[in-house]
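Step one of this worksheet: look at the structure below.
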Amino acid sequence: MARWIESWMPGSGTGSMGRGGEGHPGQRFGLPAEGVSSVAGFGRRLAALVVDWLLGYLIAVLVLGSEEIGGPNLPWAVLGIWFLLTAVPVAVFGASAGMTLLGIRVASIDSSAVIGIPRALLRTALIALIVPPLVRDSDGRGWHDRAVRSIVVRTRA
């Protein structure tokens, strides 16, 4: 569905591939088609998000106590902890725990080593809104990556 949506979004390219059907994701950024430094697929990205979310849930339960499971404060605690567990490591190291486990990292398209704190905070806030990561361009970049000029790449094959 994301491919269909991007075909009519302004500035999203020329249709389903954005490159006339030629090339590979990340080619315009000088990234390889496969292997290390190639664009990470949606499956790896989603799995990394799930790992980070579960880690946030586990920490929230440990902090709030098991009696809080199902309580009104747990979802907000999970969201806050997930936000910190994602934004801070991405700002400093380029990857959260889940990303590291799945062999991916956030790379800046302006050749900076990492995206830094302001961009990591904005990127993570947009991910929390759910829709921005689902609408992707031909390079697999969601609105959150486009907004902060980043791309998620593989760190291992």
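The values are calculated or read from the model by the stated rules, or taken from the named source; none is laboratory data. For clarity, every value in this text was computed on a predicted model and none was experimentally measured. Don't worry about glycine lacking a Cβ; one is built from the backbone with ideal geometry, like all the others, and counts go over all protein chains shown. Areas reflect the complete protein model, heavy atoms only, side chains present, ligands, DNA and RNA absent. Shrake-Rupley method; radii C 1.70, N 1.55, O 1.52, S 1.80 Å.
Calculate how steeply helix 74-92 sits against the longest principal axis of the alpha-carbon atoms of the chain, using the helix alpha-carbon long axis, and give the answer as 0 to 90 degrees to the nearest 10.
Long axis of 74-92 versus the principal axis of the chain: about 50 degrees.
Return the carbon/sulfur percentage of the accessible area of the range 26-120, one whole number, probe 1.4 Å, all protein chains in place.
The value for the range 26-120 is 71 percent carbon and sulfur by accessible area.
Under the rule of at least 5 residues apart or a separate chain, name every residue whose amide H is placed under 5 Å from the amide H of SER150.
The list, which skips near neighbours in sequence, is ILE109.
Rounded, prolate or oblate for the range 78-136? Axes are the square roots of the Cα gyration tensor eigenvalues, ordered a ≥ b ≥ c, and the cut-off for rounded is a/c under 1.5.
Judged from the Cα gyration tensor, the range 78-136 comes out rounded (a/c under 1.5).
Just to confirm, what accessible area per residue do you get for the chain at 1.4 Å probe, in whole Å²?
Normalised by residue count, the accessible surface of the chain is 53 Å².
What is the angle, in °, between the Cα long axis of helix 42-64 and the longest principal axis of the Cα atoms in the chain? Nearest 10 is fine, range 0 to 90.
Roughly 10 degrees, rounded to the nearest 10.
Can you match P(r) over Cα pairs in 5 Å bins from 0, in percent to one of these, (i) 1, 8, 13, 15, 15, 13, 11, 8, 6, 4, 3, 1, 0, 0; (ii) 2, 10, 17, 21, 19, 13, 9, 5, 3, 1, 0, 0; (iii) 2, 9, 18, 22, 23, 18, 7, 1, 0, based on a calculation from the structure here?
(ii)
Would you please put 127-140, 89-102 in order of how densely packed they are, using the mean number of other Cβ atoms within 10 angstrom per residue and starting with the highest?
Result, highest mean Cβ count within 10 Å first: 89-102, 127-140.
Calculate, in nm to one decimal, what ALA113 and GLU67 gain on full extension: separation in residues at 0.36 nm each, minus their alpha carbon distance.
12.3 nm
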